[in-house]
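To start, the structure itself, in structure tokens.
What follows is calculated from the coordinates using simple rules that are stated; it is not laboratory data. These numbers were taken from a predicted model, which means no experiment stands behind them. Here Cβ is always computed from backbone atoms with ideal geometry, including for glycine, and neighbour counts include all displayed protein chains.
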Amino acid sequence: MHDLLDSVTQIKLLRKYLKIKVLEDNIRFRDHKSERDHVYNLISRSILHGESHSALIIGPRGSGKTTLINSVLHQIASEADLANDAIIVKLNGFIHQDDKIALKSITAQMQLENAVGDRVFGTFAENLNFLLNCLMSGVDRKCKSMVFILEEFDMFCHSGRTQTLLYNLFDITHSKQAPMCVLGTTNRIDVMEMLEKRVKSRFSHRHIFLFPNENQTDAEKSPLETCKQMFVQYLSMPLSLAKKNVTETPNKRKGRRSVVNIEKMDIDTEDTLYAIPEEVLTRCKVDSRQFQSLEYGFIESWNAHIQSIVKDQKLIDCLEKFCYYTINEQLFKDVLFQIVSKLSPSKPYMEINDISSIIDNAVAPEHRVKLLQSLSILELSLVIAIMHGMQIFDGQPMNFEMVLHRYTKFSNTNSSNQTVPRPVVLKAFEHLQELEIIMPVKNTDSIYNTDTTTGRVQKEYKLFALAVPVEDIKEAVKGFKALPTEINHWFNNSVL
């Protein structure tokens with residue numbers, strides 16, 4: 001009974017440690033050395049030498065843009081007094097949707113709520129200048145260095161909002177009013193086209209690109225090998241956690257290192273690779289001493305299991321399938337988290353079948369199919385109406401009025417369908433455009449061949465074409481939950 005309780009404790013501690021490593025360790029960064037050095041130079045020069053810089057880090061989702069910045073800040077924190085010499089302000093385009101919310105967050109992160117109090121400012125620039133003045137101290141009125149990190153940068157320059165925040169931040173870096181480094185991260189490569197002219201003129205136009213698997217021509221650096229290395233790194237445990245440590249035997253013959261010493265050096269190297277940084281444990285408010293209950297033999301057998309399973313051809317096939325579908329490292333971490341969550345005293349080791357099913361659920365269903373299945377019944381009905389209309393007219397694009405006519409015709413023939421007001425249908429049609437399920441068609445009849453002619457057309461008469469394949473719509477309809485029978489029948493009926 002005691003052994004059973006002990007194994008339960010061991011599995012629980014192992015699972016907890018691996019979950020923290022997979023979810024919370026966001027300061028360890030691999031590859032892209034030149035890009036990382038570039039970001040390190042920008043931030044360190046701003047903090048240590050009072051320079052002002054701005055840059056954009058561009059790369060697909062899950063390529064490590066945020067991790068790169070976190071790893072650089074972690075390194076600088078060990079080299080300088082980051083808490084007293086600089087202020088880090090992090091903003092997210094999804095969260096800070098307008099300038100008022102952004103300013104409130106900036107004030108809170110600068111810890112200047114008391115200084116602002118009930119003051120009323122005329123413009124955003126006045127408010128920001130007041131905050132910077134509050135930070136100035138000493139005889140020469142020097143200001144602390146500021147590092148602004150703008151996640152989802154493209155959302156700050158969305159067409160629906162003004163770019164006052166970006167203008168003021170870039171203006172400060174351009175005019176060198178205060179030492180400031182502004183870093184934006186985005187997955188949109190066309191982000192510069194979204195910026196206003198006044199913002200462009202003050203931006204440094206410094207772009208840092210993070211492309212996964214870049215320059216990986218060697219077999220050792222292929223996406224599959226990278227995936228296998230990540231699998232081992234995230235799921236292996238450091239031996240230093242265990243009660244029993246490696247003991248050194250005294251070396252009788254001078255001038256030679258003992259085999260045990262060499263082994264201990266290898267173990268130390270592995271420990272730094274497999275261990276969670278202390279800063280991460282502190283941030284998660286986890287005491288590392290609780291993991292000392294783990295037994296040396298248990299960790300050793302677990303690591304041996306990881307080393308053996310990663311050589312299994314079935315697992316290699318699973319990882320290769322994952323690499324074929326996506327290069328998103330965050331998605332791979334989600335897969336690893338689900339694998340770890342399945343561990344239990346009755347199932348203390350991983351099974352290939354479980355890993356295979358988790359990877360299938362993560363990447364096999366196409367993103368477009370999931371997107372279509374997330375639509376409302378009205379929106380899916382409009383997609384079907386467009387699909388039928390394009391089949392009738394040999395792939396010719398359709399406008400809203402044509403789609404509405406087909407949908408109304410279907411709705412009138414089915415008494416169970418309630419009538420939907422025209423503005424609601426138009427809103428659903430516009431939502432399909434936002435999701436890029438339908439795309440506007442350029443007016444190629446114009447001699448100028450630009451979008452200016454289509455821009456003058458009323459939105460009800462702009463032409464749109466389906467941007468998703470019919471096969472994906474079939475898959476979505478087949479797996480759509482609680483889809484009314486009439487719509488299913490309408491979709492499957494041949495168009496006359």
Please give, to one decimal in nm, the separation of the simple spin-label points placed at residue 162 and residue 101, each 7 Å out from Cα toward the Cβ. 1.8 nm
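Taking 45 Å as R0, compute the FRET efficiency from the Cβ-Cβ separation of residue 282 and residue 465 and round it to 0.05.
Working: r = 53 Å, r/R0 = 1.19.
Between residue 282 and residue 465 the formula returns 0.25.
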Sorted by chain and number, the residues with a modelled amide H under 5 Å from that of residue 209, at a separation of 5 or more or across chains, are 58
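What full-extension length gain, to one decimal in nm, is calculated for residue 353 and residue 325 as 0.36 nm per residue of separation minus the Cα-Cα distance? Spell out each step's value before the answer.
Numbers: separation 28, 0.36 × 28 = 10.08 nm, distance 1.88 nm.
Going from the current span to full extension adds 8.2 nm.
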Expected output is a single nm value to one decimal: the length gained when fully extending between residue 304 and residue 408, i.e. 0.36 nm times separation in residues minus the C-alpha distance. What is it? 31.0 nm
Label model pair residue 114, residue 296: point-to-point distance (7 angstrom along the Cα→beta-carbon line) in nm is 5.3 nm
Does segment 370-492 come out rounded, prolate or oblate by the C-alpha gyration tensor, with a ≥ b ≥ c the root eigenvalues, rounded set by a/c under 1.5 and, if not, prolate when a/b is larger than b/c and oblate if not? prolate
Net +/- balance of residues flanking residue 435 in space, Cβ distance below 11 Å, scoring K and R +1, D and E -1: -3
Between residue 474 and residue 424, what's the calculated FRET efficiency when r is the beta-carbon distance and R0 is 30 Å? Round to 0.05. 0.70
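What's the Cα-based Rg to Rh of segment 285-407, Rh via Kirkwood?
Values: Rg = 23.6 Å, Rh = 18.9 Å.
For segment 285-407, the value is 1.25.
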